[in-house]
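Novice: Below is one structure. I have some questions about it.
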């Protein structure tokens with residue numbers, strides 16, 4: 001009899017070893033959770049044990065959409081349990097933990113200062129396309145902050161005009177993990193500061209400009225069409241118009257001084273082909289090389305029109 005009982009006990013123990021065991025999964029909800037993507041999975045908001053393959057598969061179940069980047073939302077765990085009731089992966093689960101879970105979605109926050117730095121870096125990267133000088137971006141108007149999805153951030157800057165210095169706004173297009181995420185417009189003014197010629201006093205039209213009438217000042221050249229960067233390019237030139245004191249002197253404001261003045265005695269050279277004859281005349285108007293001026297022929301006392309060739313010399317064709 002003892003032998004029979006011993007055999008039955010051994011057989012029962014063997015059945016226990018080989019019989020399949022149904023392991024119950026335990027899901028314990030947290031009170032707070034943080035997500036990075038656009039979907040909330042069960043494993044994001046709860047601790048699942050054991051961490052075997054069925055537990056991992058259960059954790060990958062999507063239960064809701066995530067809030068926008070940087071925002072939060074609250075999930076009622078009874079509603080989550082109800083939504084998973086008919087899912088085979090959740091058929092043998094013991095539920096525990098909090099009745100509410102607050103989910104916060106991680107975000108990349110771009111501040112106004114960072115937007116300024118993005119534009120400043122763009123201008124620095126494109127300095128070869130800009131006039132030489134100290135580059136500044138001022139009077140900036142931009143969002144106080146931008147919230148972007150969490151991930152690998154990149155961006156592209158596009159000025160409002162093909163000519164960067166003419167642009168009053170810049171569009172920034174953000175990507176996260178290579179996908180478009182958001183964009184914004186930053187408005188402002190570009191300044192490029194460098195030394196340019198400025199009149200120290202009023203310079204009347206026709207005046208030959210002297211060194212004391214010019215000073216070099218550090219000014220914004222974006223609003224100036226044709227500034228003069230070297231004093232030697234302006235001293236000795238003639239004012240083509242009146243230039244007010246303190247005004248920027250531009251190349252359009254100056255011209256070469258006349259090489260022939262009104263009343264000068266000039267040599268008049270007339271030619272056709274290889275034939276050349278000359279006579280004397282008196283200039284009745286001033287001119288620079290290449291100008292056509294009126295000249296009185298001293299031999300015939302007639303007014304003729306001649307081309308200025310150089311100091312004291314004009315030419316005509318016949």
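Novice: Does residue 181 satisfy the condition of being buried (at least 16 other Cβ atoms within 10 Å of the Cβ) and assigned by TED's automatic domain parsing to the domain that holds residue 142?
Specialist: Working: buried (at least 16 other Cβ atoms within 10 Å of the Cβ): yes; assigned by TED's automatic domain parsing to the domain that holds residue 142: yes.
Yes.
Novice: Just for region 177-203: of the residues that are free of Cβ contacts under 8 Å to residues at least 40 places away in the same chain and not in a strand (DSSP E or B), which one is nearest to residue 127 (Cα to Cα)?
Specialist: Among residues in region 177-203 that are free of Cβ contacts under 8 Å to residues at least 40 places away in the same chain and not in a strand (DSSP E or B), the one nearest to residue 127 (Cα to Cα) is 178.
Yes or no, residue by residue, for (1) surrounded by 12 or more Cβ atoms within 10 Å (Cβ to Cβ); (2) under 30 Å from residue 143 (Cα atoms); (3) not assigned by TED's automatic domain parsing to the domain that holds residue 169:
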| residue | (1), (2), (3) |
| --- | --- |
| 68 | yes, yes, yes |
| 71 | yes, yes, yes |
| 74 | no, yes, yes |
| 80 | yes, no, yes |
| 85 | no, no, yes |
| 94 | no, no, yes |
| 100 | yes, no, yes |
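Novice: Select, from 90, 64, the only residue that is within 24 Å of residue 176 (Cβ to Cβ) and surrounded by 12 or more Cβ atoms within 10 Å (Cβ to Cβ). Can you show your working first?
Specialist: Values: 90 fails: within 24 Å of residue 176 (Cβ to Cβ).
Exactly one of 90, 64 is within 24 Å of residue 176 (Cβ to Cβ) and surrounded by 12 or more Cβ atoms within 10 Å (Cβ to Cβ), namely 64.
Novice: Within region 36-60, track down each residue that is under 42 Å from the mean Cα position of the chain (by Cα), under 19 Å from residue 91 (Cβ atoms) and surrounded by fewer than 16 Cβ atoms within 10 Å (Cβ to Cβ).
Specialist: Of region 36-60, the ones under 42 Å from the mean Cα position of the chain (by Cα) are 36-45, 60.
Add one more test, that the residue is under 19 Å from residue 91 (Cβ atoms), and what stays is 41-43, 60.
Of everything in region 36-60, just one residue is under 42 Å from the mean Cα position of the chain (by Cα), under 19 Å from residue 91 (Cβ atoms) and surrounded by fewer than 16 Cβ atoms within 10 Å (Cβ to Cβ), namely 60.
Novice: Among 302, 296, 280, which is surrounded by 16 or more Cβ atoms within 10 Å (Cβ to Cβ) and over 30 Å from residue 221 (Cβ atoms)?
Specialist: 296
The values are calculated or read from the model by the stated rules, or taken from the named source; none is laboratory data. On a predicted model such as this, the values are computed, not experimentally measured, just so you know. Methodologically, a virtual Cβ is constructed for each residue, glycine included, from the backbone with ideal geometry; neighbour enumeration extends over all protein chains shown.
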